[in-house]
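Asks: My questions all concern the structure below.
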Amino acid sequence: MRLSHLGDVVHALPVYHALRGAYPRARIAWAVQPEFAALVAGLPGLERAIPFQRGGGARAWPRLARELEAFGADWSVDCQGNTKSAFVALASRAGRRSGLARADWREPFAATSVTDAAPAREQDGAGVEHAVERMLRLARHVAPEWDSPPSFDVGLSAEERARGESQLATLVGGTGGVLMHVAAEGDVRSWPAKRFETLARELAQREPVLVVSGPAEESEGCALSSRVVHARVAHLVGQRGLRELAALFTAAARRGMRFIGCDSGPMHVAWASGMPVVLLAGPQDQRRTGAWPPARSGAGHHKVVRASHSPPCAPCLARSCHHPEGPVCMTRINIVDVMRTSG
């Protein structure tokens, strides 16, 4: 069970692959919200994705219970660790209910749903733990014989990969370049649209640029495509389909493109697909929720750009900003630093 969000579903993929590898004869289903079901539906060896209609209110639970009863699980693995996922585990009627250590739960009281908890993290000398590391602790607990590297493979078919390659070739020719994901205005993790516009023009002076926006950022992507008309800038406005997104990003990784964007679901799909990420980090702590494996001291596969004068309240987990000057941890990220880091 990993019901939401897109980035968190990506984080849970190694748990699935560990179970699949350790128990090759097992029947496995994944309970997930419908908007993320397509991403996991093609996983090799997954029998079904069981949809949880989060917006369905009270009527969602009887439907979910019927789906779970039809599957007949005898073991549930909770990769989410909150009250909602605890109710799903109980509704599965599984005799064994594995999950995160109590300290890793958002609502610790709900951890009573677990009959078999993963060990807590050892704290001696430990820094901030990335969300993926928490999933790997759970994976090692439920599949102790698992000794393969963590896999974030979503099981793209040869046909899906070919479509991704074809789409990318149509949009951007040649090799290398930057794939830039536009953020939606109003999100505290978003960089201003005008900065993306200027960045696209600056990057185009030295390499091809593909600007991608999804349904949530379609208006921003449309406005940017009308303002940035350049021979080396291509626009994919309102991209739809998570498996199509994964195929496009996988093709971009093969081509040698880099990803530039804010903390978002597509950012996680990007690194999981093999793209080096330049993360524009603001309120979030990139050590916990940034690209994995996390960038440390400017070295490694992924890079992070933060405001040179971040406010003392950052990082935080707030969904709205109460700073008197607005979300300065994002607005203070300057284009010069992004250009230098992404070079």
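The values are calculated or read from the model by the stated rules, or taken from the named source; none is laboratory data. Computed from a predicted model, the values in this text were never measured in an experiment. Here the Cβ positions follow ideal geometry from the backbone for every residue, glycine too, while neighbour counts run over all protein chains shown.
Asks: How about the range 183-231: which of its residues are part of a loop (DSSP other than H, G, I, E, B), out of contact with any Asp or Glu (no Cβ under 7 Å at 6 or more places or on another chain) and farther than 23 Å from residue 306 by Cβ?
Replies: 205, 206, 207, 208, 214, 229, 230, 231
Asks: Does the range 188-195 contain at least one residue that is in the same structural domain as residue 282 (by TED's automatic domain parsing), over 23 Å from residue 89 (Cβ atoms), without any contact (Cβ under 8 Å) to a residue 60 or more places away in the chain and surrounded by 15 or more Cβ atoms within 10 Å (Cβ to Cβ)?
Replies: Among the residues of the range 188-195, at least one is in the same structural domain as residue 282 (by TED's automatic domain parsing), over 23 Å from residue 89 (Cβ atoms), without any contact (Cβ under 8 Å) to a residue 60 or more places away in the chain and surrounded by 15 or more Cβ atoms within 10 Å (Cβ to Cβ), which makes the answer yes.
This table checks each residue for (1) touching a helix residue (DSSP H, G or I) at 6+ places or on another chain (Cβ under 7 Å); (2) within 18 Å of residue 135 (Cα to Cα).
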position: 33; (1), (2): yes, no
position: 59; (1), (2): no, no
position: 67; (1), (2): no, no
position: 85; (1), (2): no, yes
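Asks: So, of the residues in the range 58-79 that are of a type in the set (D, E, K, R) and modelled with pLDDT of 95 or more, which turns out to be nearest to residue 138 (Cα to Cα)?
Replies: Filtering the range 58-79 for residues that are of a type in the set (D, E, K, R) and modelled with pLDDT of 95 or more, the one nearest to residue 138 (Cα to Cα) comes out as 78.
Results for (1) over 30 Å from residue 286 (Cβ atoms); (2) of a type in the set (S, T, N, Q); (3) at pLDDT below 95; (4) in contact with an Asp or Glu (Cβ under 6 Å, 6 or more places away or on another chain), shown as yes or no for each residue.
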{"residue": "125", "(1), (2), (3), (4)": "no, no, yes, no"}
{"residue": "145", "(1), (2), (3), (4)": "yes, no, yes, no"}
{"residue": "152", "(1), (2), (3), (4)": "no, no, no, no"}
{"residue": "157", "(1), (2), (3), (4)": "yes, yes, no, no"}
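Asks: Now for a different question. Could you run through the range 315-337 and say how many residues are touching a helix residue (DSSP H, G or I) at 6+ places or on another chain (Cβ under 9 Å), touching a residue at least 60 places away in the same chain (Cβ under 8 Å) and more than 11 Å from residue 281 (Cα to Cα)?
Replies: 2
Asks: Does residue 12 fit the bill of being in contact with a helix residue (DSSP H, G or I) (Cβ under 6 Å, 6 or more places away or on another chain), in contact (Cβ under 8 Å) with a residue 12 or more places away in the chain and not in a helix (DSSP H, G or I)?
Replies: Answer is no for this residue.
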